[in-house]
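*Asks:* Could you have a look at this structure, given as structure tokens, before my questions?
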């Protein structure tokens, strides 16, 4: 007889308790959101900016604004779980035809609030249903399946309440099974699922009108292309922090657990680190300005807590803390911290010298420069004497690498999503003679050629650029330009991201007279131009295709530009005039053949292909069983695969090249992090553990280094040179004097 997991043994009294817990939710009054005069002015300004400045302005007409309704519904309910198909029809009938008129002429986005109110009702009712359903017997022996979340995002909403109930019945089984497989008892699994929806309900109550406005206005902006958006005042402030790599605060990463603010990590060199009083896992109970009354932060959103802690440089903030190591939970401690600028060095360029054996086994030094973003200079108030930009930092690293006699350099642009266009031009100019780096075309078809005008070169030796599907925008400009010039060999995934557009951020108070210049306002990020490589080819959609392609799980993820809705099209413009050409086959062919031989024969590539194939199979899986025994069998197979690949990875990691990290300034102290609660690994994830600066068994980086080494070996025989110039050097792309570094 088949054993049936029994999940329905709760007493009637407990069911009553559970249902009673939801009564307070149902009794909550509906919140009243309205479009404020300030928000109305910002909505007006956004529509005006889109109509006058957006590159794709002619592709959107007034009737297209009806699509904002289902888009906004999808932003609220991305898994298509709470709304019904009938809701969509009702909203489209009621609001669809008036979205443009209301926003453009009245500054009215009340449709967002009406739709949210229905969503709020649907969620509350569904969670009450979930609580009751979890008290019943869940049959985990049935041969049923549930659609994987990434599939739900494209699914239609359930047609009616009966269809929604069936979907949710299978989803609850799916979630309970997931928790049981995570070594919880059936009762604990059910309690965990219930707790998850309680948190969801709490999060729902914390959604504010500004949050809804940001979502709705961003849906309008994304009618034009996927990279245009609206920033609320708070989001705009965060955007500026990331672009400048610094903020004024205490230097701690915070999180919220069970409504309590918890210190997750202390940033090296920040005020909290220097004070040595605040520790990871400390709980922040209240926040006060020096001399002011403490304000409790229990239950607040993390955004509001952070706002209270940030402030002007040089001012003091007083934190009331429950120390993590206190035996008595009632212990409280006050910590005074002086706010200062905190540099976010995790996104700053870094480098290392790797030791590689040459053909006869002699160890030779090779450099790696990792650039996570194309960041720009800090504001004029930065008085620390160091103006940090991506190009300046890379120039400094080049100087240090060449001083150590490296034979070649790998510029690692993986996961670099872009940043300042001017920094891309400056950075490419470090490796080439003067000449075009990028061409920019505006709405009117006018083409501007942006060039490196400095003939001096910071680095003249062999160069490779390592990219992946996350390398976008400015990363693609640099990789594509160096490929056009034949200055570097490009290595990585089958293509880069494919973002070939230029955005401009405009603060709303700069364009609307109705907004006070003294007030914090939102901003619009608009696509205003498309960019093209010196050859005239766009990187839009197609990206930059590497010269040497390596196996990667990212090729099977929907993460490229072409996977985004309403992406701009690919096209071509005339080539600019530049002295250079792509790598000659006399150079490229032997480098490609050597890499293919390694990919076919080295154990590390067999290891990588196994992971990629497994990931591909998972991505193709549309449904998962909610039958507990079937899932246990699948988990056993997954655990066996994880164990095998972990052992393989350990063998591969033994072949890692020794390296010496290079820091811009004093070596940073290790980040002080709170220990993770769940140490279970995902067998399909790439290695996350860090060995100083670089992850272990990084097959792509190892191969990029070997490709540069191959080029160095190739250059030893002048018969392999093209036009009497050694391959992958500045001389091959036009000789020039050396640029000063620093």
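*Asks:* Convex hull over the Cα atoms of region 471-616, averaged projected area in nm²?
*Replies:* 12.8
*Asks:* How high is the relative contact order of region 246-343, in percent, with contacts defined as C-alpha pairs under 8 Å that are six or more residues apart?
*Replies:* Computed value for region 246-343: 34 percent relative contact order.
*Asks:* Another question about this same structure. So how far, in whole Å, is the C-alpha centre of region 89-155 from the one of region 557-619?
*Replies:* A separation of 40 Å, based on Cα centres.
*Asks:* For the chain, how big is the tail of P(r) above 40 Å, as a whole percent of Cα pairs?
*Replies:* Percent of Cα pairs beyond 40 Å in the chain: 43.
*Asks:* When a footprinting reagent is the concern and you count Cβ atoms within 10 Å, what order do 476, 114 take, fewest first? Don't jump to the answer; show the numbers that get you there.
*Replies:* On the way: 476 31, 114 14.
Sorted ascending by nearby Cβ count, the order is 114, 476.
*Asks:* Quick check on packing: order 452-463, 559-570 by the mean number of other C-beta atoms within 10 Å, highest mean leading.
*Replies:* 452-463, 559-570
*Asks:* Please give the peptides 193-204, 59-70 ranked by average Cβ packing (other Cβ atoms within 10 Å per residue), highest first, as a rough proxy for protection.
*Replies:* Values: 193-204: 15.3, 59-70: 17.1.
My ranking of the peptides, most packed first, is 59-70, 193-204.
*Asks:* Calculate the FRET efficiency for residue 64 and residue 640 from the Cβ-Cβ distance with a Förster distance of 60 Å, rounded to the nearest 0.05.
*Replies:* E(calc), rounded to 0.05, equals 0.70.
*Asks:* Name the residues of region 201-218 whose amide N is less than 13 Å from a point 7 angstrom out from the Cα of residue 153 along the C-beta direction?
*Replies:* none
*Asks:* Here's something else I'd like to know. Could you grab the relative contact order for region 12-224? Cα pairs under 8 Å, six or more apart, rounded to a whole percent.
*Replies:* Details: 197 pairs, mean separation 69.4, N = 213.
Reported relative contact order: 33 percent.
*Asks:* Further question on the same structure: Largest first, please: the extent of the C-alpha atoms of region 12-224 along each principal axis, to the nearest Å.
*Replies:* 60, 36, 29
*Asks:* Gap in Å between the Cα centre of region 444-511 and the Cα centre of region 272-350?
*Replies:* Taking the Cα centre of each part, region 272-350 and region 444-511 sit 39 Å apart.
*Asks:* Quick check: the angle from helix 110-134's long axis to the longest principal axis of the chain, C-alpha only, nearest 10 degrees?
*Replies:* Approximately 70 degrees, to the nearest 10.
*Asks:* For the modelled label position 7 Å from the Cα of residue 210 along Cα-to-Cβ, which residues of region 517-550 have backbone nitrogen atoms closer than 12 Å?
*Replies:* Residues passing the 12 Å test: 520-523.
*Asks:* Also, quick follow-up: Which length gain, in nm to one decimal place, applies between residue 404 and residue 589 when the Cα-Cα distance is subtracted from 0.36 nm times their residue separation?
*Replies:* Numbers: separation 185, 0.36 × 185 = 66.60 nm, distance 3.02 nm.
Taking 0.36 nm per residue and subtracting the Cα distance, the gain is 63.6 nm.
*Asks:* Right, next: Could you tell me how many degrees, from 0 to 90 and to the nearest 10, lie between the Cα long axis of helix 85-95 and the main elongation axis, the longest principal axis, of the Cα atoms of the chain?
*Replies:* Computed tilt is about 80 degrees.
*Asks:* Still on this structure, I have one more. Among 215, 73, which comes first, then next, by fewest other beta-carbon atoms within 10 Å?
*Replies:* Lowest to highest Cβ neighbour count: 215, 73.
*Asks:* Once you keep just the Cα pairs under 8 angstrom separated by 6 or more residues, what percentage relative contact order results for the chain?
*Replies:* 14
*Asks:* At 0.36 nm per residue, and after removing the present C-alpha to C-alpha distance, how many nm does the segment from residue 277 to residue 93 gain when stretched out fully?
*Replies:* Contour length minus the Cα-Cα distance gives 60.4 nm.
*Asks:* Also, quick follow-up: Restricting to bridges with both residues inside the chain, how much of the DSSP beta-bridge set is antiparallel, in percent to the nearest 5?
*Replies:* 80
*Asks:* Where does the chain land at 222 nm, in deg cm²/dmol rounded to the nearest 500, when only DSSP H runs of n ≥ 4 count, each adding -39500 (n - 2.57), divided by all residues?
*Replies:* Numbers: 19 runs with 273 residues, N = 742.
So the calculated ellipticity at 222 nm is -12000 deg cm²/dmol.
*Asks:* Report, in degrees rounded to the nearest 10, the 0 to 90 angle that the Cα long axis of helix 161-181 makes with the longest principal axis of the chain.
*Replies:* Result, in degrees: 70.
*Asks:* OK, next. Among 374, 420, what is the fewest-to-most ranking by other Cβ atoms within 10 Å?
*Replies:* With the fewest neighbours first, 374, 420 line up as 420, 374.
*Asks:* Relative to the compact-globule scaling 2.2 N^0.38 Å, provide the ratio for the alpha-carbon radius of gyration of region 145-196.
*Replies:* Ratio of Rg to 2.2 N^0.38 Å for region 145-196: 1.26.
*Asks:* Please work out the ratio of the alpha-carbon Rg of region 28-119 to 2.2 N^0.38 Å and round it to two decimals. It would help to have the intermediate numbers written out before the result.
*Replies:* Details: Rg = 14.0 Å, N = 92, 2.2 N^0.38 = 12.3 Å.
So region 28-119 has a normalised radius of gyration of 1.14.
*Asks:* In what sequence, highest mean first, do 218-225, 36-43 appear when ranked by Cβ atoms within 10 angstrom?
*Replies:* Packing order, densest peptide first, comes out as 218-225, 36-43.
*Asks:* Which whole number of Å³ per residue matches the convex hull of the alpha-carbon atoms in region 246-343?
*Replies:* 87
*Asks:* Next up: Separation between the residue 603 and residue 110 pseudo-spin-labels, each 7 Å from Cα along Cα→Cβ, expressed in nm?
*Replies:* In this crude spin-label approximation the distance works out to 7.0 nm.
*Asks:* If I take R0 = 25 Å and measure r between the Cβ atoms of residue 326 and residue 200 in this structure, what FRET efficiency does the formula 1/(1 + (r/R0)^6) give, to the nearest 0.05? Walk me through the numbers on the way to the answer.
*Replies:* Numbers: r = 31 Å, r/R0 = 1.24.
The pair residue 326/residue 200 has a calculated efficiency of 0.20.
Taken together, the values in this text are just the output of simple stated rules run on the coordinates, not laboratory data. This structure is a prediction, so every number in the text was calculated from the model and none was measured. Glycine also receives a Cβ, built like all others from the backbone with ideal geometry; neighbour counts cover every protein chain displayed.
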